[in-house]
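Reviewing the structure listed below.
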Amino acid sequence: MKFLIVFVALFALAVARPNEAGIVRLDSDVQPDKWSSVLETSDGTKIDQDGVLKNVGTDHEAAVVHGSYSWVDEKTGEKFTVTYVADENGFQPQGAHLPVAPLA
């Protein structure tokens with residue numbers, strides 16, 4: 001469920017931008033135990049994700065999503081990319097621009 005909320009929020013962010021970027025590519029493949037989707041807009045925004053259900057039919061059934069999203073800063077032209085895993089351990093983003101906790 002978390003992945004769906006994240007995806008919808010990112011999709012809304014990409015579509016609601018004031019420069020009215022158009023959708024260049026929108027693909028999805030949804031099956032009972034796995035799914036994938038790709039969204040690209042004309043302003044350089046891209047959202048890509050693949051998900052799968054693991055431990056199907058057990059008490060430990062969970063969704064695991066691997067994905068990324070990227071955008072281009074309108075002022076600087078710099079491209080930012082976040083890759084992530086979302087699973088039973090939560091949302092785990094990584095990106096060169098994101099702060100990293102110091103090692104203990």
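The values are calculated or read from the model by the stated rules, or taken from the named source; none is laboratory data. Nothing here was measured: the structure is a model prediction, and the numbers come from that model. Here Cβ is always computed from backbone atoms with ideal geometry, including for glycine, and neighbour counts include all displayed protein chains. Protein only, heavy atoms only, side chains kept; ligands, DNA and RNA dropped before computing areas. Shrake-Rupley method; radii C 1.70, N 1.55, O 1.52, S 1.80 Å.
Side notes on the structure shown:
- In region 39-56, the residues that are surrounded by fewer than 18 Cβ atoms within 10 Å (Cβ to Cβ) and farther than 16 Å from residue 84 by Cβ: 42, 43, 44, 53, 54, 55, 56
- Filter result for residue 36 (in a strand (DSSP E or B), open to solvent by less than 80 Å² (accessible area, probe 1.4 Å) and closer than 25 Å to residue 20 by Cβ): no
- Any hit, region 69-78, residues being basic (Lys, Arg) and assigned to a strand (DSSP E or B): no
- Verdict on residue 100 being on the phi < 0 side of the Ramachandran plot, without any contact (Cβ under 8 Å) to a residue 60 or more places away in the chain and not in a loop (DSSP other than H, G, I, E, B): no
- Number of residues in region 72-104 that are farther than 23 Å from residue 61 by Cα, open to solvent by 90 Å² or more (accessible area, probe 1.4 Å) and either at pLDDT below 90 or not basic (Lys, Arg) (or both) equals 10.
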